[in-house]
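Engineer: Have a look at this one before I ask anything.
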Amino acid sequence: FFGMNLQETVPVQEVELIKKWKLPPPLFNDYVSGGYMMWAMYPDYKVFVDSRGKPYDLTNVLGAYSELMDNPTRENLLKLQARYPFRVALINLIFADTILGILNNAPDEWRLLYFDRNAAVLVHRSVWPSLSGDLLRSIDMDPRRFRDVASPETLSNLFLLYIDWSSRHGAVIRDIYAQNVSRFYRHKKEQLAVMDEIIGERMAMERQNMPFRRPN
């Protein structure tokens, strides 16, 4: 409440990356992250939406937002961009399905630049050539950077992104989950079983050389 352990629940590192490297506005963001972004990024950046909801509903922003978040097809993405020409998106990892939907449905348009424990930063292809080499070299995507995370929710969200990358990266998060999550967490055994099943499916796909998207 007083700011302690702020980075555990809000996208501190993700926001700092956008600010430090001056990624171009306007931004698209999810409603969960909007409140913190408004506090941390104003006046250099304005949020697309925040959790108040009602002010955005008056201009049908909330409806357009929900259409994309609930169904992140290429068509819905282009439709929203035509109305709001954002080229950078910050999306909370609780919406991992939306993040992966955007990247998998529009891989020629959007790339994953960075993610930390709370959110992912996506950039449009038009932004990529202007990104600093120093920025790209500074980004650490090694799953072992989360070796101290103990939250089952956070690790589950990270697993979804990493398993979409490769079985090896997903397995690292699975092992961190097995070691760090309390044995008293009642869903631990069940979630580990699901992770193991998904890792097995991903490994089978890789053996057959079936394509899968990698973070850039």
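Engineer: Quick one: with all protein chains in place, what share of the accessible area of segment 33-129 is carbon or sulfur, to the nearest percent (1.4 Å probe)?
Structural biologist: Details: 2320 of 4460 Å².
That share works out to 52 percent.
Engineer: Please compute the per residue accessible area over segment 1-131 with all protein chains in place, 1.4 Å probe, rounded to a whole number of Å². Don't jump to the answer; show the numbers that get you there.
Structural biologist: Details: 6650 Å² over 131 residues.
With the other protein chains kept in place, segment 1-131 gives 51 Å² per residue.
Engineer: Ordered by packing density, taken as the mean number of other Cβ atoms within 10 Å over each peptide's residues, highest first, how do 113-124, 182-193 rank? Kindly include the intermediate steps, with their values, before the conclusion.
Structural biologist: Details: 113-124: 23.2, 182-193: 11.2.
Peptide ranking by packing, descending: 113-124, 182-193.
Engineer: Gain in length, Arg137 to Asn60, computed as 0.36 nm per residue apart minus the alpha-carbon separation, to one decimal in nm?
Structural biologist: Working: separation 77, 0.36 × 77 = 27.72 nm, distance 3.96 nm.
Stretched out fully, the Arg137 to Asn60 stretch lengthens by 23.8 nm.
Engineer: Just grab the label-to-label distance for Gln13 and Arg168, each label 7 Å out from Cα along the Cβ direction, in nm (one decimal).
Structural biologist: Simple spin-label model gives 2.1 nm for this pair.
Engineer: For segment 24-54 and segment 147-197, what is the separation of their C-alpha centers, rounded to whole Å?
Structural biologist: Cα centres, segment 24-54 to segment 147-197: 29 Å.
Engineer: Nearest 500 deg cm²/dmol is fine: what mean residue ellipticity at 222 nm does the chain get from its DSSP H runs of n ≥ 4 alone, each adding -39,500 (n - 2.57), divided by its residue count?
Structural biologist: Only helices count here, giving -15000 deg cm²/dmol.
Engineer: Which FRET efficiency value, to the nearest 0.05, is calculated for Lys20 and Asp148 with the Förster distance at 25 angstrom and r the Cβ-Cβ distance?
Structural biologist: Values: r = 23 Å, r/R0 = 0.93.
Efficiency, rounded to the nearest 0.05: 0.60.
Engineer: While we're looking at this one, here's another question. For the chain, how many pairs of lysine residues have a Cα-Cα distance under 26 Å, where the two are 8 or more positions apart or belong to different chains?
Structural biologist: Numbers: Lys19/Lys46; Lys20/Lys46; Lys22/Lys46; Lys22/Lys79; Lys46/Lys54; Lys46/Lys79; Lys54/Lys79.
Lysine pairs meeting the criterion: 7.
Engineer: A follow-up question, please. Rounded to the nearest 0.05, what FRET efficiency do Glu67 and Val127 have when you use their Cβ-Cβ distance and R0 = 35 Å? Please list the in-between numbers first.
Structural biologist: Working: r = 23 Å, r/R0 = 0.67.
That gives a FRET efficiency of 0.90.
Engineer: Given that just one value was derived from the coordinates, which of (i) 59, 55, 38; (ii) 45, 45, 36; (iii) 83, 37, 34 is Cα extents along the principal axes in Å?
Structural biologist: (ii)
Engineer: Of the listed peptides 141-151, 166-176, 27-37, what is their order by residue-averaged count of other C-beta atoms within 10 Å, with the highest listed first?
Structural biologist: Details: 141-151: 14.4, 166-176: 19.9, 27-37: 22.4.
Ranked by mean Cβ neighbours within 10 Å, highest first: 27-37, 166-176, 141-151.
The values are calculated or read from the model by the stated rules, or taken from the named source; none is laboratory data. No experiment lies behind these values; they were computed from the predicted model shown. Please note: Cβ atoms are built from the backbone with ideal geometry, for glycine as well, and neighbour counts cover all protein chains shown. Quick note on the areas: whole protein, heavy atoms, side chains included, nothing else; ligands and nucleic acids left out. Shrake-Rupley method; radii C 1.70, N 1.55, O 1.52, S 1.80 Å.
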